[in-house]
Structure formats: structure tokens, C-alpha cells
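Q: The structure under discussion is supplied below as C-alpha cells; questions concerning it will follow.
The values are calculated or read from the model by the stated rules, or taken from the named source; none is laboratory data. On a predicted model such as this, the values are computed, not experimentally measured, just so you know. Neighbour counts run over all protein chains shown; Cβ positions are idealised from the backbone, glycine included.
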Amino acid sequence: MSRTVYVNGDFLPEQEASISIFDRGFLFADGVYEVTAVVDGHMLDFEPHMDRLQRSLGEISLESPYDRDTLRAMHEELIARNQLDQGLIYMHITRGPADRDFHYPKQPVPTLIGFTQASNLVDNPKAASGIKVASVPDIRWARRDIKSIALLAQAMAKQAAADKGASEAWMVEDGFVTEGSSSTAYIVKGGRIITRQLSQKVLAGITRRALLKLAEQENVEIEQRPFTLDEAKGADEAFLSSASTLVFPVIEIDGVPIGDGTPGPVARKLRRIYLELARRRPDSA
Ligand code: PDD
């Protein structure tokens, strides 16, 4: 079935959607994006996603002509027109088409696109089995807090992991794990969750935000600090989070089983309560 996608104000069959080859998103990766999870036809954490979008836009000095109500309406219309029950909404804003010139155009006409991608978020078999992770050097730029559409380093990382039979890459810099190629990384030791503190070195995950709040409510201790790859390999458990996975337990890193090599209790519990909350109060998880 052909999807209905969104381009600059229009909802179109995906085959009819197009953008200019001069779009700065295409030529310079000059744009930012968001990916929002949809469960039972409702978006999870829409407002925090839009807060992060606003921040990313500010960091690249791109003023969006689209207010939040317009963006929400676009997302909801995409869900409705595509009858999306479970999956993701991808959206991005670029600095739009202009003659190829590194300088920002004086009067940009930003491009906004959006589309849905159905996927099995709730009963994903990887949530039950856990996943394998492979480490790769973190070769990305220095502003990973900006959700930039420049994702070549992450695509290379994910492919390198896949070539080793792993589902996700954990990127390592100066011996410390920064994050997954498209997810936040966590380990658990002695009942405490350890995940890197927010900085320009990592993306401020929206799922991370929700999970840490839930963990606090459950009186689970949280340490926000970098951890090394060796520490991760010796942890009691490990897991990752993102809009596209929610929570996946990690059962192996570089071939080393984590804990007893099965999904750990903290990851399983966080996934369960995050999903319960999402299904009860879809937009305020
Ligand atoms: N990626 N870190 C990186 C580098 C990411 O690309 C993502 C998400 C996350 C988790 O963020 P969130 O919880 O807000 O999804 C962390 C999305 C899903 C993607 O690019 O498809």
C-alpha cells in the first residue's frame, strides 16, 4: 500500500512527493529531524520531541515557519491518513532550496517533510530475546546534542555492527561509550542504572527522559556518568532506548554475554511500565 506523505503543506502519495535537488538538506545535510513513536494510533511524548526540535533549530539558527499546532496537526493527519496503529513518524526541516553556497541564504524557504513507518513496537521479538551490540569508534562531529540529519557516521556504525551479527552499535570515544548509533545506552550495576549525563557528546533522548523519570518513581538509583566499554561488558545488565525500540535489553557486547546472557530485570520492567504508561496516557509518558 502506498503511503501518504507530507511535503511543504501537501499530503501526497509517496510516489508523487519530491523536493528540489538544490535543497540544502540534500546538499549539506543542513537540517534537523525528529522521530516520534506511535502506539495504538497515539504519539508518545510529542511535546518533548517538539521541544527538542525547537532547540535543534535554534542551534543551527534556522527559524521554522511552522508553529507547534501546525506540526501536531501534520503528525496527526499522517497517522489518520495512513491508519498507523504502531510505528514511527519521521519529520525533518531543512534550510530549503538555494544555489549551492556554504553561507546560509539570507531568506531561506525551509522544507518540511513528514512520513510514517509502520513497525512492531509493542511485541517486537527483540524486546523478548534481547539484542547483541558491537562497539565501534565514535567518529561523529562534536555537536551530537543537535538532532542533525547528517547521519552517515551512524549509518556506517550500524552497518559495521550488522556485519558482525549485532543489531546495534555502541560508539566509543576515549574508552567511554557515548551512545548507540540511534539509541541511548545504559548499564545496570548493583541495581543502579548508569547512563551518560547530557552534554554536547550525546543526543538528549526523549525516551531516556521518560525512562529516568519512571526509574526515579520506582526508587531505582540513577548515576549519570560515562561508563567504559569494559565496565559495560562486566555489568549486571545492559539496555538501550529510543523512539524506534522503546527499550531493548542488550544481552551481548562484542561477543561477551552481559550478566547471565538473558534480558535483565531492570530493562524488562522499564519497558513494561513505559508501555503501560504510554497506553494509558499516550501523550504524557
Ligand atoms: N534516533 N541517540 C541517537 C544518536 C539517536 O539517533 C537516537 C534516536 C537516540 C534516542 O533518542 P529518542 O529516545 O529521542 O528516540 C539517542 C532515532 C530513533 C532515529 O534516528 O531513528
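Q: For the stretch 175-186, state whether one or more residues are assigned by TED's automatic domain parsing to the domain that holds ASP254, away from the ligand (no atom under 11 Å from the Cβ), in contact (Cβ under 8 Å) with a residue 12 or more places away in the chain and surrounded by fewer than 17 Cβ atoms within 10 Å (Cβ to Cβ).
A: Yes: the stretch 175-186 contains one or more residues that are assigned by TED's automatic domain parsing to the domain that holds ASP254, away from the ligand (no atom under 11 Å from the Cβ), in contact (Cβ under 8 Å) with a residue 12 or more places away in the chain and surrounded by fewer than 17 Cβ atoms within 10 Å (Cβ to Cβ).
Q: Now for a different question. What do you reckon, is ASP138 modelled with pLDDT of 95 or more, outside the structural domain of ILE253 (by TED's automatic domain parsing) and of a type outside the set (Phe, Trp, Tyr)? Spell out the reasoning first.
A: On the way: modelled with pLDDT of 95 or more: yes; outside the structural domain of ILE253 (by TED's automatic domain parsing): no; of a type outside the set (Phe, Trp, Tyr): yes.
No.
Residues checked against (1) more than 24 Å from GLU223 (Cβ to Cβ); (2) assigned to a strand (DSSP E or B); (3) touching a residue at least 40 places away in the same chain (Cβ under 8 Å); (4) not assigned by TED's automatic domain parsing to the domain that holds GLY41:
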position	(1), (2), (3), (4)
ASP145	no, no, yes, yes
ALA150	yes, no, yes, yes
ALA160	yes, no, no, yes
GLY165	yes, no, no, yes
MET171	no, yes, no, yes
VAL188	no, yes, yes, yes
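Q: So which residues in the stretch 110-121 are in contact (Cβ under 8 Å) with a residue 40 or more places away in the chain and within 16 Å of the chain's Cα centre (by Cα), if there are any at all?
A: Matches in the stretch 110-121: GLY114, PHE115, THR116, SER119, LEU121.
Q: Every residue in the stretch 85-109 that is away from the ligand (no atom under 16 Å from the Cβ), among the hydrophobic types (A, V, I, L, M, F, W, C) and in contact (Cβ under 8 Å) with a residue 24 or more places away in the chain, please.
A: Filtering the stretch 85-109 down to residues away from the ligand (no atom under 16 Å from the Cβ) leaves 85, 95-109.
Now narrow it down to the ones that are among the hydrophobic types (A, V, I, L, M, F, W, C): 98, 102, 109.
Hits for the stretch 85-109 are ALA98, PHE102.
Q: May I ask you to verify whether VAL247 is touching a residue at least 60 places away in the same chain (Cβ under 8 Å) and either part of a strand (DSSP E or B) or away from the ligand (no atom under 11 Å from the Cβ) (or both)?
A: yes
Q: Quick check: anything in the stretch 131-144 more than 13 Å from the ligand (Cβ to nearest atom) and polar (S, T, N, Q)?
A: Checked against the condition, which is being more than 13 Å from the ligand (Cβ to nearest atom) and polar (S, T, N, Q), the stretch 131-144 yields at least one hit.
Q: Still on this structure, please answer the following. All but one of (1) assigned by TED's automatic domain parsing to the domain that holds PRO249; (2) among the hydrophobic types (A, V, I, L, M, F, W, C); (3) closer than 23 Å to ARG52 by Cα; (4) in a strand (DSSP E or B) hold for ALA155, so report the exception by its number.
A: Against the list (1) assigned by TED's automatic domain parsing to the domain that holds PRO249; (2) among the hydrophobic types (A, V, I, L, M, F, W, C); (3) closer than 23 Å to ARG52 by Cα; (4) in a strand (DSSP E or B), ALA155 comes up short only on (4).
Q: Scan the stretch 240-276 residue by residue and report those that are out of contact with any strand residue (DSSP E or B) (no Cβ under 6 Å at 6 or more places or on another chain), closer than 13 Å to VAL122 by Cβ and not hydroxyl-bearing (Ser, Thr, Tyr).
A: Correct list: LEU246, ARG272, LEU275, GLU276.
Q: How do the pairs read when you match residues in the stretch 1-21 that are over 19 Å from TYR66 (Cβ atoms) and at pLDDT 95 or above with residues anywhere that are surrounded by 11 or more Cβ atoms within 10 Å (Cβ to Cβ) and β-branched (Val, Ile, Thr), using Cβ under 7 Å and keeping only pairs 6 or more apart or on different chains?
A: Qualifying pairs under 7 Å: ARG3/THR116; PRO13/THR4; GLU14/VAL5.
Q: Looking at the stretch 195-231, which of its residues are within 16 Å of the ligand (Cβ to nearest atom) and assigned to a helix (DSSP H, G or I)?
A: Matches in the stretch 195-231: ILE206, THR207, ARG208, ARG209, ALA210, LEU211, LEU212, LYS213, LEU214, ALA215.
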